[in-house]
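Notes for the one structure printed next.
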Amino acid sequence: MDVDTPPISGQSHVSQKQSGLPEVEIFCYLLVTIFLIDQKQLEESKTCSSAAVKRLQQLNRRTLDVLAARVYYYYSYSHELTNSLADIRGTLLALHQTATLRHDELGQETLLNLLLRNYLHYNLYDHAEKLRSKTQRSDSHSNQQLCRYLYYLGKIRTIQLEYTDAKECLLQAARKAPTSARGFKIQCTKWAVIVRLLLGEILERTTFMQPGMRKALRPYFDLTNAVRIGDLELFRQVAEKYSSVFTADKCHNLIVRLRHNVIRTGLRNISIAYSRISLADVATKLHLDSATPVDDAESIVTKAIRDGGIDASVDHSNGWMQSKETSDIYSTQEPQQAFHSRIAFCLNTHNEAVKALRFPPDAHKKQLESSEKRRERQQQEQELAKHIAEEDDDEF
């Protein structure tokens, strides 16, 4: 008879040591990738992260979800440092599809943000919006990923001229971001400043004087000052002086949009200061450097009157602008709209705070038990009162 001989104890011990846990293996990949990035060995880090992603595609373990999310982040970050984000877009889409099928919610959030960052890196805002609108997104399980999502959504909404939604997203992202994420808060504040300027708001000085942000926000402070004054020449000087900063922040096209707001602000100041002024003087004060400044000033004034920016009229025969008397602002609906926007902001903040509350998992059971005890106590009180009433009847 053939007898099966048991394996040698030493060999079985060695085979168990060689086949370690996949979690340990992926964790080692992650540590090596971070170490290579810190040592500026970018090509080696890209190779290591790619190997880690290939290994993760061969595994299907729920215990790897958190580690996989971190691996995906450094996988994209290493390719971003080497200017090869376009090469991994297909891989990220496949990983997002796999995470959706496996109900890996943390992986879905991380990969969605990485894909949005990938598209926005190449200014593909339409592709990013299509992906965001077609993706089913559940309640966030990570505050960091929620902040990134709000930041990317705010940038998309800004490019799409939806400034109100963009402002809310950017302010929420800056408010929810951790205190240590100073660079992220600076980027959110920069875009929020531009969006609020495009909405016609003038920011307070304290916005630019936050600790650790004063130097980074200096160009945007000068830009806000130029918009507040309505000086087109000063605005042009600021735009030329900090053009490299605005280009690095990828908001140079938004600065071009602000030119119209500067002209409207300057025109509003002129209409308040002068009851009647010639269109040639308007062109001079607005620093219009076109070939036909008077005609341009006439068209700008006409458009501002039609849009409701100023309350005036144009005398085309004499070539001047006639401002109307300023009415009482409290007789208009502007104070009501201002109070409405403030109340809406407070209600939104309250709703966000309620959603962020944490409750113990058995809170409903405790509430149910307390209601049952209260019912029993009321029943006992009723029986006791009935018994006392019967005793009083017997004594009578």
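Quick look at the values:
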| item | result |
| --- | --- |
| Selection from region 81-136 of residues that are among the basic types (K, R) and either surrounded by 12 or more Cβ atoms within 10 Å (Cβ to Cβ) or under 23 Å from A248 (Cβ atoms) (or both) | R89, R102, R117, K130, R132 |
| Residue in region 256-276 that is open to solvent by 30 Å² or more (accessible area, probe 1.4 Å), part of a helix (DSSP H, G or I) and modelled with pLDDT of 85 or more present | no |
| Test: residue in region 298-312 that is among the hydrophobic types (A, V, I, L, M, F, W, C), open to solvent by less than 50 Å² (accessible area, probe 1.4 Å), at pLDDT below 70 and assigned to a loop (DSSP other than H, G, I, E, B) | yes |
| Condition check for A192: of a type in the set (G, A, S), surrounded by 15 or more Cβ atoms within 10 Å (Cβ to Cβ) and in a helix (DSSP H, G or I) | yes |
| Selection count where residues are open to solvent by 60 Å² or more (accessible area, probe 1.4 Å), under 21 Å from R264 (Cβ atoms) and not in a helix (DSSP H, G or I), scope region 210-247 | 0 |
| Residue count, region 350-396 (criterion: within 26 Å of L146 (Cβ to Cβ), part of a helix (DSSP H, G or I) and at pLDDT 75 or above) | 6 |
| Neighbours by Cβ (under 7 Å, 6+ apart or cross-chain): first from region 51-71, touching a residue at least 40 places away in the same chain (Cβ under 8 Å) and over 13 Å from L111 (Cβ atoms); second hydrophobic (A, V, I, L, M, F, W, C) and open to solvent by less than 20 Å² (accessible area, probe 1.4 Å) | L64/I26; L64/L56; L67/I26; L67/L30 |
| Scope region 316-349; condition over 20 Å from G200 (Cβ atoms), among the polar types (S, T, N, Q) and either at pLDDT 90 or above or surrounded by 10 or more Cβ atoms within 10 Å (Cβ to Cβ) (or both); matching residues | N318, Q322, N348, T349 |
| Members of region 59-75 that are assigned to a helix (DSSP H, G or I) and open to solvent by less than 40 Å² (accessible area, probe 1.4 Å) | L64, D65, L67, A68, A69, V71, Y72, Y75 |
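Results for (1) within 26 Å of S84 (Cβ to Cβ); (2) under 10 Å from the mean Cα position of the chain (by Cα); (3) of a type in the set (A, V, I, L, M, F, W, C); (4) assigned to a helix (DSSP H, G or I), shown as yes or no for each residue.
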{"residue": "L120", "(1), (2), (3), (4)": "yes, no, yes, yes"}
{"residue": "E129", "(1), (2), (3), (4)": "yes, no, no, yes"}
{"residue": "Q136", "(1), (2), (3), (4)": "no, no, no, no"}
{"residue": "Q144", "(1), (2), (3), (4)": "yes, no, no, yes"}
{"residue": "K155", "(1), (2), (3), (4)": "yes, yes, no, yes"}
{"residue": "A173", "(1), (2), (3), (4)": "no, yes, yes, yes"}
{"residue": "P178", "(1), (2), (3), (4)": "no, no, no, no"}
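The values are calculated or read from the model by the stated rules, or taken from the named source; none is laboratory data. As the structure is a computational prediction, the values presented were derived from the model and not from experiment. Ideal geometry is used to build each Cβ from the backbone, glycine not excepted, and the neighbour counts take in all protein chains shown. Calculation scope for accessible area: heavy atoms of the full protein, side chains included, ligands and nucleic acids excluded. Shrake-Rupley method; radii C 1.70, N 1.55, O 1.52, S 1.80 Å.
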